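The values are calculated or read from the model by the stated rules, or taken from the named source; none is laboratory data. Please read these numbers as outputs of a predicted model, since none were measured by experiment. In this analysis, Cβ positions are derived from the backbone assuming ideal geometry, glycine residues included, and neighbour counts consider all displayed protein chains. In case anyone asks, the SASA skips ligands and DNA or RNA and just uses the protein heavy atoms, side chains included. Shrake-Rupley method; radii C 1.70, N 1.55, O 1.52, S 1.80 Å.
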Amino acid sequence: MTETDAPYRSDMASSVSTSSHLVVVGAGMVAHRFLESLRAREGAERLTITVIGEEDAAPYDRVGLTSFFSAASADELSLSPEPLDGIRFLRGERAVRIDREARTVTTDAGSTVRYDELVLATGSYAAELAVEGYRLAGVFVYRTLDDVRGIREWIAQRSQALGRPLRGAVIGGGLLGLEAAGALDGLGVGVTIVQSSNRLLSAQVDDAGGEALRRLIEQRGLDVRTNSRTTELAADAAGRVAGLRFDDLSTLDADIVIFSVGVRPRDELARAAGLEVAPRGGVVIDDGCRTSDPAIWAIGEVAAVDGQCFGLVAPGYSMAEVAADRLAGGDAVFPGADLSTKLKLSGVEVASFGDAFGATPGSLDVVYADPIAGVYKKLVLSDDAKTLLGGILVGDASNYSSLRPLLGAELGADPSAYLLPSDVEAPTGELPDAAVVCSCNNVAAHSIRSAVTEEGCTDVAGVKACTRAGAACGSCVPLVKKLVNAELAKAGRTVSTALCEHFPLSRAQLFDAVRITGLRSFSEILERHGSGGRGCDLCKPAVASILASLGNVHPLDGENATLQDTNDHVMANLQRDGSYSVVPRIPGGEITPEGLVVIGEVARDFGLYTKITGGQRIDLFGARLEQLPDIWRRLVDAGFESGHAYGKSLRTVKSCVGSTWCRYGVQDSVKLAIDLELRYRGLRSPHKFKMGVSGCARECAEARGKDVGVIATEKGWNLYVGGNGGFTPRHAQLLAEDLDTETLIRTIDRFVLYYVRTADRLQRTAPWVEELEGGIDGLRDVVLNDSLGIAEDLDEAMARHVDTYRDEWKATLEDPEKLARFASFVNAPRTPDPSLAYVEERGQRRPATDAERSSGISNGGVASGAITIAGPTLEVVRS
Amino acid sequence: MIAVCGLNDLLPERGAAALVGDEQVALFRTLDGDVYAVQQQDPYSGAHVLSRGIVGSRGEAPTVASPMYKQVFDLRTGECLDPQGRIPRRLRTWQVEVRAGQVYLGEAR
Ligand code: SRM
Ligand SMILES: Cc1cc2nc3c(=O)[nH]c(=O)nc-3n(C[C@H](O)[C@H](O)[C@H](O)COP(=O)(O)OP(=O)(O)OC[C@H]3O[C@@H](n4cnc5c(N)ncnc54)[C@H](O)[C@@H]3O)c2cc1C
Ligand code: SF4
Ligand code: FES
């Protein structure tokens, strides 16, 4: 097939000649849609069709390429096979030449195909930067199935060879770059996104949106470098990529590099054949998708309309429809492109649509930004503020689907209604009225606000009494407090930072006052700094904590004992029935078989319910007050000490097994965790604090969910601070990188003590960091650069703590006066609380419910059925 | 009146439980030497724990805060001063007398 005799007449466009031969070059998404559309049209059956596709695959869903990393096989991405039925498909062959005279296409495999009509659907290729080293092994682009396969194999092979997670760089922070970065991250690669301009997604979002986006990405644990121009890729001895160098001469280590610096239309065939191409590339087409040669059409990413190519599938699909319609005799016209986009990166919501940059003359912006929550939303409106022209949504794109259809239409509602938070997560005074603040009691923000404005409440306690917000689990109290204070401030009333009715000072002020005056008893402190009365359950524990932070006093020493909440008073945790739980310290979660045996024996002998906690240790529940010393004597004799599960103090340092056993570990995370736990044990603080140490970036210890998180690196330790789980989960933020152990510990010392001294009562580290002047940067200045000049003082204080630490339980057992506090009754010191009742469940005992009590216990506490009253013997009645 | 314990068995500003028949009573000795007796059972949780709460004051009233859910009670009258958003519940109280270093309980009120 080399010749045609049927002369092509351009006026034939309205009908297709009998047994015309149609050739499609490219078998991508748009070609597929074109064939599908053509097949559905009348008149197309007279066409014989040949498709030439260079990839070794049937047409597949490139938009879903990233899912191939998790897909079982390439088949899952395949597009429906029907459009190719009965079509000659030259799979794996590349068209290398078009002869317009002869109307033939030649492939690299030597086939020559004659055409009457030729459709170019060759798409784009992913651009690379022609910097030195851009062809090194380990450098990829992100466009095809083969690219993805290559990336996956490289990661598997290199991380095995190196015995650690890889570091990767994605050059280019556009839509595709972010998607590629997310994919690498998902494969366990530590990713840095390198962007030459000042912000990510510079084509879709403005500066403020880019900033919000950057925060979101960083929160996901990816690093971002903006304003960084890559000048060179460095190689290791074996010619594999090893790192990047930038125009400011700084460098970045990388075991894998992905270029995502844009796409270029694959117009090389057309160029060589002398078709008109656009100045910036792309085969020029008219609004019927015809090129400068009337027998040749171009559709998809390779086609340029008004000088522009479109890197999205939707305009390509429109072109496919237009071309199919024309070939079947219609006169469809390309309607122009909708360039609305939504980023596909899990956990990061970004959408940009319409006139996102407000280029329309006179247009107005309505902006909602919540930098703390990482949300930035902008709507672009017509000059009368009625018609929606476009918008940018970062951090919360839940309204994208409802807004996009409104493009060019009147919004019909107050634009701000589309911008307010759709789900309330961040604690903010800007909460919409309907937001539920207290989930336990279903109290909305407006009820709390009106408790202040209408009912005259002036503090959390008042609002609690009035609305029940905060009256159950208490988790929402900080949020309630914020709302109350915001309302008070709005009403021009002063917001009190007083600890309670007995102290006009805030906790931080009181801490300083006590530190400076050197007073060491509650009575003295109350007299000097208080405003009368005898204290209460708010200020007493706060003062006890301050005194303990300033110098390891035993919780039961002298007057100190009167200040303690029952947990600190008996050094155990109160349970719902009035019994207590016991948690021995198990530093770093490491325990010997002998230790386990002792705990097991104690639990068995005292009939305690046993559970592994969420903090890598063992909790023994159901101990009675008068039993605590006996239980602890056994534990202390076996070498255990208090785990401070009851104190506002260090809880646990969670660790993963680390380099001693784990094939990926790069440092000894268990040893560090134990060292940290032993260093900070017993240190009293405004709220409990937790730490975690992971032996590599896989992060099995969930360190970033802790107040202090340490993650091992090849060179040392990365330190994260301000994380927690609980009511308002927060990921810890990076404070410092690649620290040696000594610097790490000194930095944690200062962080912890600075927190202890200045945080509010019951304020954990995350909200504390958030409220610090300068946030995390301000904190870094204080603990690393000593901007307040207090480092020496903090270091000394920590040294004192470490030197004077003694186990509270051991000290208690040695002191008869302290032991006397564990009497169950002043007139019957060893008689068990007769109201306790237990039921067996799953082989252990638990407190009986009210219903079980009333059905099981008759006259004077005689148990029947499955119920037993705790007697001097601890037999559990087996049902 | 029934003798329960010696005054010195009670530590200032800290409670103690006493078993009177099959009744559990919470005793408190304030800093100025007054002794109060209220029910040991916390009306909000049902657990017998009030003697383990923190002793303090609200205005003029000597108080105890329940160690369980932190409701605050007036030790003199048993009145609930801060119900923490729940319905206020009053504690039973007992007449107390201190004679010759001994603490005696009278009628429940
Ligand atoms: C025993 C344990 C649950 C378990 O069976 O696993 C537990 C039990 C209690 N937790 Fe917890 N928490 C336990 C792990 C956790 C964790 C998980 C962790 O540490 O990895 C969290 C989320 C992480 C975090 O704290 O950031 C957790 C978040 C809380 C919170 C919410 C804190 C917040 O900032 O929102 C409270 C309430 C509070 O402290 O005010 C709480 C309070 C409590 C108290 C103390 C409630 C109370 O006052 O009675 C529970 C009694 C403990 C006891 O021994 O009687 N517990 N608690 C876990 C003990 C760990 C340990 O070995 O010490
Ligand atoms: C990871 C990723 C995510 C994406 N996400 C989105 C998204 O969310 N939304 C969106 O709208 N778009 C997205 N895109 C872009 C979208 O995939 C493209 O716009 C679309 O695939 C364009 O289709 P096309 O048929 O024009 O080109 P392609 O799909 O690239 O197909 C062209 C085909 O032609 C072949 N070819 C080229 N030259 C020759 C030749 N000479 N001989 C034979 N065969 C040849 C190529 O190998 C290729 O197989 C994404 C792209 C990638 C890579
Ligand atoms: S252990 Fe923690 S999560 Fe579970 S009930 Fe107690 S406080 Fe709630
Ligand atoms: S008390 Fe408000 S959320 Fe639990």
With label points built 7 Å along Cα→Cβ from the Cα atoms of B:Glu23 and B:Arg109, find their separation and express it in nm.
1.4 nm
Efficiency of FRET from Cβ geometry, A:Thr743 and A:Asp557, R₀ 41 Å, rounded to 0.05:
0.70
At each listed q (0.22 Å⁻¹), what is the log10 of I(q)/I(0) that the Debye formula gives for region A:139-261 modelled as equal alpha-carbon point scatterers?
-1.32
Expressed in angstrom and rounded, the centroid-to-centroid distance over alpha carbons for region A:170-241 and region B:1-43 is 68 Å
Kindly report, to the nearest 10 Å², the accessible surface of A:Ile372 as traced by a 1.4 Å probe over protein heavy atoms only.
90 Å²
The simple spin-label model distance between A:Ala820 and A:Val96, using points 7 Å out along Cα→Cβ, in nm, is 10.2 nm
Mind checking which of A:Leu166, A:Ala181, A:Val241 is farthest towards the positive end of region A:139-261's charge dipole, using Cβ charges of +1 (Lys, Arg) and -1 (Asp, Glu) about the Cα centre?
A:Leu166
In terms of the charge dipole of region A:648-805, which places +1 on Lys and Arg and -1 on Asp and Glu at the beta carbon, the residue among A:Gly665, A:Trp717, A:Phe751 farthest towards the positive end is A:Gly665
Probe 1.4 Å, all chains present, heavy atoms only: A:Cys466 accessible area in Å², nearest 10, is 60 Å²
Relative contact order (%) - criterion: Cα under 8 Å, at least six apart; region: chain A:
7 percent
What fraction of the Cα pairs in the protein assembly as shown, stated in percent, has a spacing above 46 angstrom?
46 percent
Residue separation between A:Ser78 and A:Val597 times 0.36 nm, minus their alpha-carbon distance, gives in nm 181.1 nm
As an exercise, use a Förster radius of 45 Å and the Cβ-Cβ distance of A:Glu42 and A:Gln308 to find the FRET efficiency, rounded to the nearest 0.05.
0.85
Sparse-neighbourhood loop hits (trypsin sites (Lys or Arg not before Pro), region A:274-343; DSSP loop; Cβ within 10 Å at most 12 others) -> A:Arg280
Explain nothing, just the number: dipole magnitude of region A:535-631 about its Cα centre with +1 on each Lys and Arg Cβ and -1 on each Asp and Glu Cβ, in debye rounded to the nearest 20.
260 debye
Stretched fully, the stretch from A:Asp338 through A:Ser506 gains (0.36 nm per residue minus C-alpha distance, one decimal, in nm) 54.9 nm
Accessible surface buried upon B-A contact (total; probe 1.4 Å; Å², nearest 100)
2800 Å²
When the solvent-accessible surface of protein heavy atoms is calculated with a 1.4 angstrom probe, in what order do A:Ser250, A:Ser581 fall, highest first?
A:Ser250, A:Ser581
With all protein chains present, how much of the accessible area of region B:2-108 (probe radius 1.4 Å) comes from carbon and sulfur, to the nearest whole percent?
44 percent
For region A:187-197, what does the Karplus curve 6.51 cos²θ - 1.76 cosθ + 1.60, with θ = phi - 60°, yield as ³J(HN,Hα) per residue in whole Hz, taken in order and with x for Gly and Pro?
8, x, 8, x, 10, 10, 9, 10, 10, 6, 8
For chain A, dividing by residue count, accessible area per residue (probe 1.4 Å) in Å² works out to 43 Å²
Just the accessible area for A:Tyr317, please: 1.4 Å probe, Å², rounded to the nearest 10?
50 Å²
Accessible-area ranking of A:Lys810, A:Lys688, largest first, probe 1.4 Å:
A:Lys810, A:Lys688
Order B:Leu27, B:Leu81 by their accessible area, 1.4 angstrom probe, all chains in place, largest first.
B:Leu81, B:Leu27
What is the magnitude of the charge dipole of region A:119-268 about its Cα centre, with +1 placed on the Cβ of each Lys and Arg, -1 on the Cβ of each Asp and Glu, and no other charges, expressed in debye to the nearest 20?
300 debye
How large is the helix-only mean residue ellipticity at 222 nm for the protein assembly as shown, computed as the sum of -39500 (n - 2.57) over DSSP H runs with n ≥ 4, divided by its residue count, in deg cm²/dmol to the nearest 500?
-7500 deg cm²/dmol
Please report, in debye to the nearest 20, how large the charge dipole of the protein assembly as shown is about its Cα centre when each Lys and Arg carries +1 at its beta carbon and each Asp and Glu carries -1 there.
2380 debye
Qualifying GluC sites (Glu not before Pro) for region A:46-111 [loop in DSSP, other Cβ within 10 Å: at most 11]:
A:Glu101
Considering Cα pairs under 8 angstrom that are at least six residues apart, work out the relative contact order of region A:663-790 and quote it in whole percent.
19 percent
Can you give me the distance in nm between label points at A:Arg220 and B:Glu97, each placed 7 Å from the Cα along the Cα-to-Cβ direction?
7.8 nm
Gain in span if fully extended, A:Ala434 to A:Val367, counting 0.36 nm per residue against the direct Cα distance:
22.0 nm
Which listed residue (A:Pro686, A:Ala851, A:His446) has the Cα farthest towards the positive end of the charge dipole for the protein assembly as shown, taking +1 on Lys and Arg C-beta and -1 on Asp and Glu C-beta about the Cα centre?
A:Ala851
